[in-house]
Structure formats: C-alpha cells, structure tokens
Amino acid sequence: MRQEQVAHIDELVRAASGHATRRDAIIEASWRRCVNEHNLDPVVLRDPCIVPGTRLREHQDAMEEFLHTARFGVETLYREVAGLGYVLLLTDAKGITVDFIGDPTFDNNLMRAGLYLGADWNEPHAGTCAVGTCIATGEALVVHQTDHFDATHIPLTCTAAPVYDTSGALAAVLDISALRSPEPKESQFLALRFVKSFAHKIETANLLNRFRQEWIVKLAPSPEFADVDPSFVLAVDGAGRILGFNDKARRLLLRERDRRPGPQDPRPLVGRMFSDFFDLEVDDLPRFIPSRPAAQRMVRLAVSGTPLFAQAQQPPARAASPAPLPPAPSLPKPLAALHHGDAAMQEVALRAAKLVNTQMSLLITGETGTGKEHLAKAIHAASGRSAKPFVAVNCAALPETLIEGELFGYEPGAFTGAAARGRKGLVLEADGGTLFLDEIGDMPLALQTRLLRVLAEREVTPLGRTRPVPVNIRVIAATHRDLVAEVKAGRFREDLYFRLSGAVLALPALRRRADLDRLIAGFLAERGSAAGVRYTVSPEASAALKAHSWPGNVRELLNALDYACAVASDGHIARDDLPDRLHCAHALEEVHDPMPAPRAVAEGGRAQLLAALSARQWNVSAVARDLGIDRTTVHRRMRRFGISAVRQGEEGPG
C-alpha cells in the first residue's frame, strides 16, 4: 500500500469517528454514509466491478430509447474535451455504465480504474465517487482525487451531473473522468459546467422526442435567449395538463408551488394544469409561436409574478376527418422482398423496418451465405440514406498490410508505394450513406481500435494527415462468427462489439426456413424473365433440392440454380441438371462451419477441409463455391491448418 493511500485511510477513519474535515460538506456526508450505512471498510482496497456482458445488455435494453437520444449529446461533449485526457461515462440510475467513450489507446489503464463500459459505480459498492454520490444526492458534483472513499481511486478526478426523465425521476448520470489531473480541485470546475450543460441538453432532447405530438413550451428569463437557449421546457396536452418537463422546469414549478399560501398541494406535478403555475390558459399558447418578436411573448408565473419569455411549439396538425386512414404497408418494399412466408425472416424484416432511420449501428449475424449483405442493402434502400452510397467492405478479403489505407484512406506520399494522388478511403466513400462491414469478426485487433475511434468520434484521420475529417455514416456490420465467444477469447474488442451491436438481427439458416419452395420459384422466375425462358423443375430434382442441407445457404442455392439453368434442356430442370454436390451432400456437410460453434473447424476441421479439397481435385475456387465463402477465406484456413496446395491425386500433408 502506498504512503498516500495510508494517509487517506487515516483521514477516512478520523472522519468516520466524528472529527471535522476540510472536505466539502457533500463529500464528508458521503464518507459517513459509506461507513455507517453501506458498511464499507476504509482499509479495504476494492477492484472495480465490471458486470458481465449479458447483464450489461439488460441494463442497456431497459433504457434503449433514452440511450439513442442521449448518444448525440455524449458524443458532442466528448468532442469538446477530446485530447484533454478525459473519458465519458453514461450510467443508468443504478450506477451501471451503459455507454462509454474514451481513448482506446489507454484501454488497459481505464479498465483497471473502472472507467469502462459495464463498470458499477453505485456508492454502496464503490464508495464516494462522482456517479454514486450524484445518485445518492441528486446533485452535480466533482469528486477529485482524495475526495474518493476507496484509496484505489485517489488518482482519479470524476465530475458528474444527474440526467432526469420527463417526470422528474433520475434516468442517468453523465460523468467525465480522467486518470490524471492537476492537484487543485478548482481545475475541474469547467468540467462541472460542461456536464451540467450537456445533462440539461440531453433532458430537453428526451422531452422533445417523447412529446413531439404535444404542445412544447420553452421559457427563458430574457427575450434574447427565449428562442436560442431556453432554460425551462415543458410538454402540455391539448387540455392544458402538464405532461413532462426538464429538470430546470421541474425546480421552477416546485418553487412556485411552495410559494402558494396555505397547505401544499400533494399532487404530483405531472397531470397538473398549466394554468396553475402560469397566468395563461392552453388556448392562449398560439400567441407565443416564434413568428412574434420574443419581447412580445412575456408570461408571468401565477403566484410570484416573475416574468419569463416564452416560445410555444404547436403539435403537428391532426387529420380533420375522423374516418380511419387506410393501413400503411407494414414493410418498405426492399424489406418486404426479403421473405416469402417464413416466420423467422418476416420477424427479421419487421425489426429491421423499425430501425431503418435510426442512427444506431446494426450487427447482422448468420451462417455464411444467409444473405447478410442482401439484408444490409435492403435496410439502406428503405432508409433516408438510400440516395447516398452503400459501401461494402469485406474485412476478411482485404490484406492486413493494405486494410488500413483501404478503409481510412491516405495522403499522397504517406508511405512507400502510396498512389500519387492518395486515396479517399472506403469510410469517406460512404459519407452520408451506409458503410457495410462484412466479416467484421476477421478484422485485425489493431484495426478494431481505429474503427472504434471512428465510430465514437464520427471522424476519420487518413494516413499521413494530422487533422481528422468529419464523416456521417450509418454502420452495419455482419459476421458468421460468435462475437461474444471471440470477445471472451481476446480476439475481438468488447467495447467495439457493444458499439456495433446497437441492434442485432440474426438471419436463419436456409435449412431452417419454411419458404424454400417459394425461394426456388422466385429465383427461377427472375432468371427465366432475364433469359426469356420458363423454367420448370422435375419432381426428382425438387426432392433433391429439398433434401440438401445447404451448408452454403442462399448463396449456395443461387449457385446451384444458376448451374441448373445453364445446363437444363428447354428450361426443364431434371435431377441430373443439378450440381454433383447435391448428389453427395454428406461430403460437404462435414466441412460446414455452423454459427453456433465457430471453433468447429479450428478443433477438427483440418481433415474435413482436406476432404473437401480432395473431392474438388484441389480446386480452391470450386471449394469456395461449394461452401459459399470467399477464396481468400479458404486460403486463410489452409494456412491456419498448414495445408499447402498440391496437385490432383496427391495426398495433403498429414
């Protein structure tokens, strides 16, 4: 134990015994709470508690809509303090860190300090700290270095502000922390101003998002700020009842209520009449729309008479006719085309339809060949970004030595062999549109760190350039791997996984789909229309197609139908017109690498891959087509198992 930790523990023991300290009153009260109520031992040095990924996902799911709204505020605040050594934490009301932005190069130090996604900063567990003490008191505060209860945390400086929901209940805590800082506590007062300001912005954005169909009343003490930066924001329904407010408005209403003579009204603020607090009725609100000068939009509080300047935002116009509108299509056309009656695929399409115009990143999972890129393109086509580029990147196919320049671009002369004019990079190519990262599980760890920075800061720095370039992209990633297992094995960054998996869409394997007949009929109709031929399938060929397990999924089915259409006579597909592998499917099924067990090939796949290569006379392209994967993936597996290409008839290395 270091000397400063021993001195800190001595001070804690004296404070717990009732001796006065020079600490702020809020810190001293927290120390005593930690000993007397939470039964924390000042001598014990506690490791940070990081909850498991499954529990973290539960906490994130419970506040998914709020997180989506808060995300822009968190990212904007981080850009304000980028380069100053701070990390940003957003916790839920229980102190669990549900969002995190920090410099990925300091990940190990941040995780050891508990400044990480999933960290539990509740006061009963972590002692006096900015998040936990903010939850306990409801106040914004700085907990600087030796203000912390646990001696493990005394190098840290942490500043937090509460974020309240529209009814006045604590929804989250916004925290800005650093591993190192100047010794004076005053050095963090600007950070305190920042977090309080952005907590207010997040509250207001959440209110506006939730009550967009109602009257919104914004109030400020001066006309100059009524339309620019109003302090108090309320939502009011057509009957004049208060529906919600930001925290500053809540405090304003409470002060006004407490000034009323006689016994206090015990009713909650939500549901009270707007006219109980202001000298106007809801029918007067149209006089306060922004088209009138702000100086002419003065309103007074009903009891104190305090003047405020208001802006009223009208709810959207409702249809005059009570007749019901015809039901809108349940799915956009690109997503409706994804399924042909299969319940699992229909559920994927319905979930995707709800997410097409959100900013959150999407992760599409499924076995190789299930149509992950097809789904990503459908989401892009159904979204407001459809007029902008859809840029697909196969992370498994790009050589490791070139992937950084391909993704992020480079300046002229950035490295030996660089193009004379430089390269824009695929991330910037996708600006305004969608960046599709296929086989994200195969991305090298070093590139994962750079990608995490792009997703967190929404800017990219090409090689050889010193200043970053802002980028507006929707990221959709896809993988056939079990990324949770990859995270546990240390091959995939946990924070990148949570950044990418804002929503997860799992595609079913073709062998589990109930619409195989309709898929085949649809694909043959498309090919027949292009070729001017009407394709039919013999009962024997249909039975073979249904009996096959389709380890390559939809991609393998398309290849098989393309082959059958090419060799069929007069458009009639007989059993002999199907590829040979459909007559001996068992040979390829052994090589299949299913999604639920991503280590199957690694554990026993060498012999099976040799068998597949031998069956195809060592034609790597043919094996890739059979398995529905890229040639580069086959070559990579061959290198992993020490298999070198040999001539037909030779036995592979044993």
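We did not get these values from a lab; they are worked out from the coordinates using the rules stated. Model, not experiment: these values are computed from the prediction. Note: ideal-geometry Cβ built from the backbone for every residue, glycine included; neighbour counts use all protein chains shown.
A few points about this structure:
- The calculated Kirkwood hydrodynamic radius for the range 6-70 is 14.7 Å, given to one decimal from all distinct C-alpha pairs.
- Alpha-carbon spread of the range 490-538, three principal axes, descending order, Å: 52, 23, 20
- Counting only DSSP beta bridges whose two residues both lie in the chain, roughly 70 percent are antiparallel.
- Proximal charge balance of L335 [Cβ under 12 Å; K/R count +1, D/E count -1]: +3
- Acute angle (nearest 10 degrees) that the helix 372-382 long axis makes with the longest principal axis of the chain, alpha-carbon atoms: 50
- Sorted by Cβ density within 10 Å, fewest first, the residues I9, I379: I9, I379
- The range 3-197: translational diffusion in µm²/s, Stokes-Einstein, Kirkwood Rh over Cα pairs, 37 °C, 0.692 mPa s: 196
- The chain, helix-only ellipticity at 222 nm - DSSP H runs n ≥ 4, -39,500 (n - 2.57), divided by all residues, nearest 500: -11500 deg cm²/dmol
- Over every Cα atom in the range 334-508, the radius of gyration and the widest Cα-Cα span, Dmax, amount to 16.3, 54 Å.
- Sorted largest first, the spans of the alpha carbon positions of the range 36-77 along the three principal axes are 40, 27, 20 Å.
- Cα pair distances exceeding 18 angstrom across the range 138-230, given as percent: 56
- Between 0 and 90°, nearest 10: helix 343-355 axis offset from the chain longest Cα axis: 40
- The range 273-320 - Rg over Rh from alpha carbon coordinates, Kirkwood radius: 1.03
- Net charge dipole, the range 3-197: roughly 260 debye, given to the nearest 20, about the Cα centre with Cβ charges of +1 for Lys and Arg and -1 for Asp and Glu.
- Kirkwood-Stokes translational diffusion coefficient of the chain, alpha-carbon pairs, 10 °C, 1.306 mPa s, µm²/s: 55
- Cα-only Debye scattering, the range 363-461: base-10 log of I(q)/I(0) at q = 0.17 Å⁻¹: -0.84
- Taking every lysine pair in the chain that is 8 or more places apart or spans two chains, those with Cα atoms closer than 27 Å amount to 28.
- Tilt relative to the chain, helix 631-640 - C-alpha long axis, 0 to 90 degrees, to 10: 80
- Long-range tail of P(r) for the range 211-313 (Cα pairs > 24 Å, %): 15
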